[in-house]
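See structure below.
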Amino acid sequence: MGDRVRECRLAAEMSQEQLASAMNLDRTMIAKIETGVRRIDALELAKLSAILKVPLSYFLSPPPVVVSRRTELADNTVTDATRQSYRLEIALST
């Protein structure tokens, strides 16, 4: 789920700090969610879904077997093309 949260955040052009502020959490909590260290409860997941404008089911359904990109990207390498790719993947999955 952490990867999906990160992709949705990047697609929404939000930093971890901005998302944390919108959720009333510390930035480190968002980082831990994205890395899978921290679990997220149902209320937080619903709030996350609303903030990122992604259907709740997107976070709950398993990712597709076929991966559309070759490597994982770091925050500092995200481009408009990758953001559009994340948005497209979200749209196709939902």
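Beta carbons closer than 7 Å, at least 6 apart along the sequence or on distinct chains, pair a first residue in the range 45-57 that is among the polar types (S, T, N, Q) with a second that is in a helix (DSSP H, G or I) for SER49/LEU56; SER49/PHE59.
Within the option set ALA31, ALA46, ALA11, being open to solvent by less than 40 Å² (accessible area, probe 1.4 Å), within 18 Å of ILE90 (Cβ to Cβ) and out of contact with any Asp or Glu (no Cβ under 6 Å at 6 or more places or on another chain) holds for one residue only, ALA11. Residues that are farther than 11 Å from VAL5 by Cα and charged (D, E, K, R) within the range 33-43 comprise ARG38, ARG39, ASP41, listed in sequence order.
When the range 53-65 is filtered for residues that are assigned to a loop (DSSP other than H, G, I, E, B) and modelled with pLDDT of 80 or more, the ones remaining, listed by number, are LYS53, VAL54, PRO55, SER61. When the range 25-36 is filtered for residues that are in a loop (DSSP other than H, G, I, E, B) and free of Cβ contacts under 8 Å to residues at least 24 places away in the same chain, the ones remaining, listed by number, are LEU25, ASP26. With respect to the conditions (1) modelled with pLDDT under 90; (2) out of contact with any Ser or Thr (no Cβ under 8 Å at 6 or more places or on another chain); (3) in a helix (DSSP H, G or I), ALA50 falls short on a single one, namely (1).
For the range 66-94, which residues satisfy the criterion of being modelled with pLDDT of 65 or more, aliphatic (A, V, I, L, M) and exposed (fewer than 10 other Cβ atoms within 10 Å of the Cβ)? Correct list: ALA81, LEU92. In the set (1) crowded, with 19+ Cβ neighbours inside 10 Å; (2) farther than 19 Å from VAL78 by Cα; (3) small (Gly, Ala, Ser), ALA22 fails one condition alone, (1).
Within the range 78-94, the set of residues being in contact (Cβ under 8 Å) with a residue 12 or more places away in the chain and part of a loop (DSSP other than H, G, I, E, B) comprises VAL78, THR94. Whenever a residue of the range 1-24 is within 15 Å of LEU56 (Cα to Cα), its partners that are at pLDDT 90 or above and polar (S, T, N, Q), lying with C-beta atoms within less than 6 angstrom and at least six residues away or across chains, give the pairs GLY2/THR35.
The values are calculated or read from the model by the stated rules, or taken from the named source; none is laboratory data. Bear in mind that the values here come from a model prediction, so they are computed numbers and not experimental data. Counting neighbours? That spans all protein chains shown, and the Cβs are built from the backbone with ideal geometry, glycine included. The protein model used for the area step is the full one, side chains on, heavy atoms only, and it has no ligands, DNA or RNA in it. Shrake-Rupley method; radii C 1.70, N 1.55, O 1.52, S 1.80 Å.
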